[in-house]
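Just so you know, all these numbers are worked out from the coordinates, no wet-lab data involved. The shown structure was predicted, so the numbers you read here are calculated from the model rather than taken from an experiment. Cβ placement follows ideal geometry from the backbone for every residue including glycine, while neighbour counts extend to all protein chains displayed.
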């Protein structure tokens, strides 16, 4: 019975990258021996145990054989006869197929260190094609490590394209697709995840609404980058600069879905794309089991991002109505998320990345002023019921008018 540190912990240690979790492989042991030694069985699909003290995961060395579609379609064999090499052979990438023994010695059977030094994602064997989830995992690794100069080996990208062409991606369950996507949204360069998925043909299967944006033109005056898909990736990049919140980044990703269904005869204009995009955002959220807070923010950004861009042009009563529809007075934290996603939309255009926009300040100042209007003064005046609500609304409109006065009108960015 021998234990080896494996996978991401070894990879990230060699990269001098933060190691978030440590996984182990145990060779030469049975499940009974592990439990007798105090390890607690937690794996459902194959034998995985928690260490009695560190609570780190220890999995018995295993082999897998494809037996059905999807990432769960495997027959797993875990026995004392399975070697470390057998276990490493079933892993996805060479950089994830390294192990470290108790002496700190790196065991590198498939030249993972070389690929690590050359910044290459390369599959270990043709068994790579048996698990469609690996397409999303490689894309997610690109989102995480692109800033270090990583690329995908041509032969590995070809296998990813094969997986897609064989229809395997369609067998992935929504929860796993969202899990990988959410993790990618939290990485340094989440746009690279979607770009890689598009490169291998998977984006049009798991997120066709986003894939449809590529090749759709916009008015060059407001969008020098022209292509809506490129704009979307730029917005996601800017959202990442502005916020570490994955919900903000998701809203940035889907805010312009309505442009993907604009009739070509109307190009490059996209009349009412905000409202047309709302059902698409809801459909994506339902299909991928997106959490409600993500969905609700994304719907608000999709529906009202043009109101944000026209912060200096809206009528005062329309401005207040927008704040109310955004539920800003009850949910100020989500209102702030809305502003960040919309600011990313402003900056996600060629030549606009570092411009100082007035819309965030207008919205924040006007909201702050309106928030200070409460019911108490009107109650003291003797007002009751609907009269209080009318008085609050009138006072808030006046407060918004005063707060916005110092700002010059800012032309729409759409």
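Against the chain, whose longest principal axis is taken from its Cα atoms, helix 386-404 shows a tilt of about 80°.
The fewest-to-most ranking of 98, 233 by surrounding Cβ atoms within 10 Å reads 233, 98. For the chain, adding -39500 (n - 2.57) for each run of n ≥ 4 DSSP H residues and dividing by the number of residues yields -14500 deg cm²/dmol at 222 nm. For the pair residue 117 and residue 44, label points projected 7 Å from Cα toward Cβ lie 4.3 nm apart. Remark: spin-label model distance residue 219-residue 272 equals 1.8 nm, labels positioned 7 Å along the Cα→Cβ axis. Between residue 147 and residue 173, the modelled label-to-label distance comes to 3.4 nm, taking each label 7 Å out from Cα in the direction of the beta carbon. To the nearest 10 degrees, how steeply does helix 359-371 sit against the main Cα axis of the chain, on a 0 to 90 scale? Helix 359-371 and the main axis of the chain meet at about 70 degrees.
Taking each residue as 0.36 nm, the span from residue 371 to residue 264 lengthens on full extension beyond its C-alpha to C-alpha distance by 34.2 nm.
Explain nothing, just the number: relative contact order of the range 252-367, from Cα pairs under 8 Å at least 6 residues apart, as a whole percent. RCO, the range 252-367: 25 percent. Available extension along the chain between residue 31 and residue 204 is 58.0 nm, counting 0.36 nm per residue and deducting the alpha carbon span.
At full extension, residue 317 and residue 402 could sit 29.3 nm farther apart than now, given 0.36 nm per residue minus the alpha carbon distance.
Each peptide in 159-172, 250-263 gets a packing score, the mean of other Cβ atoms within 10 Å over its residues, and the list from highest to lowest is 250-263, 159-172. Could you check what % of the DSSP bridge pairs in the chain are antiparallel, to the nearest 5? Beta bridges within the chain, antiparallel portion: roughly 80 percent. Normalised by the number of residues in the chain, the average gap of Cα pairs under 8 Å and 6 or more apart makes the relative contact order 10 percent. From most to least packed by mean Cβ count within 10 Å, the peptides 190-202, 102-114 give 190-202, 102-114.
Applying 1/(1 + (r/R0)^6) with R0 = 35 Å to the Cβ-Cβ distance of residue 79 and residue 53 gives a FRET efficiency near 0.85. Springs join every pair of Cα atoms under 10 Å in this Gaussian network model of the chain, and among 25, 281, 135 the largest mean-square fluctuation is at 25. Mind running the shape call on the range 235-404? Use the C-alpha gyration tensor, a ≥ b ≥ c as the square roots of the eigenvalues: rounded below 1.5 for a/c, prolate if a/b tops b/c, oblate otherwise. Taking the square roots of the gyration eigenvalues as a ≥ b ≥ c, the range 235-404 is prolate. Note: relative contact order over the range 361-404, using C-alpha pairs below 8 Å and six or more positions apart, is 61 percent. Comparing mean-square fluctuations of 384, 374, 350 from a GNM of the chain with C-alpha springs under 10 Å, the top value falls on 384. Let me make sure I get this right: for the range 1-112, a, b and c are the square roots of the gyration tensor eigenvalues over alpha carbons, sorted descending. Under 1.5 in a/c it's rounded, otherwise prolate if a/b > b/c, else oblate. Which is it? Oblate shape, in that a/c is at least 1.5 and b/c is the bigger or equal ratio. Angle of helix 273-287 to the longest C-alpha principal axis of the chain, folded into 0 to 90 degrees and rounded to 10: 30°.
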